[in-house]
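Novice: First the structure, which I've put down as structure tokens, then a few questions once you've had a look.
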């Protein structure tokens, strides 16, 4: 039987801004146009790099060596020093926004600015 317990802590948000900055993401809250007070949310992941698998494989950097390469930033292969920038491209961080129950307001538009726009496709019968 599965029996997991989760501790839920209150974390009051007194004003708009970053609620909880950690290295892997930032949680942002903004007050929306609604009575009673309502918050909109934005979760921001920092940018990173996407490894180019064809180049890695061609250079013989495979398996666990890829992770070691990413962490170290350089690797020696066949007498050559290869930098992670040569085997990857920059990628923007993902952004997710959650805005509901508000009138049109600047805060809502600020929260959704640059947010990822992908969403599941729906068929007419799914509504």
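Novice: Quick one: among 98, 25, 69, which has the greatest mean-square fluctuation in a GNM of the chain with alpha-carbon springs under 10 angstrom?
Specialist: Result for the chain, Cα springs under 10 Å: 69 fluctuates most.
Novice: OK, next. According to the Cα gyration tensor, what semi-axes, each the square root of 5 times an eigenvalue, does the equivalent ellipsoid of the chain have, listed from largest to smallest in whole Å?
Specialist: Taking √(5λ) for each eigenvalue gives 40, 19, 18 Å, largest first.
Novice: Just from the alpha-carbon atoms, what are the Rg and Dmax of region 50-90 in angstroms?
Specialist: For region 50-90, the Cα-based Rg and Dmax read 8.9, 26 Å.
Novice: Still on this structure, please answer the following. Could you work out how far the C-alpha centroid of region 1-49 sits from that of region 53-70, in angstrom?
Specialist: Here the two parts' Cα centres lie 36 Å apart.
Novice: On to the next question. Under 10 Å, Cα contacts only: if you run a Gaussian network model on the chain, which one of 101, 54, 116 comes out with the highest mean-square fluctuation?
Specialist: Most flexible of the set in this elastic network: 54.
Novice: GNM, the chain, Cα, under 10 Å: largest mean-square fluctuation among 85, 44, 57?
Specialist: Most flexible of the set in this elastic network: 57.
Novice: Hey, what did region 50-90 get for relative contact order, percent, Cα under 8 Å, at least 6 apart?
Specialist: On the way: 31 pairs, mean separation 20.3, N = 41.
Once normalised by length, the contact order is 49 percent.
Novice: Okay, moving on. Please compute the contact order of the chain in relative form: average sequence separation of alpha-carbon pairs under 8 Å and at least six residues apart, divided by the residue count, as a percent.
Specialist: Reported as a whole number, the value is 25 percent.
Novice: Using helices alone, what [θ] at 222 nm do you get for the chain, with -39,500 (n - 2.57) per DSSP H run of 4 or more residues, divided over all residues and rounded to the nearest 500?
Specialist: -5000 deg cm²/dmol
Bear in mind that the values in this text are calculations on the coordinates, not laboratory data. Worth saying up front: this structure is predicted, and the values here are computed from it rather than measured.
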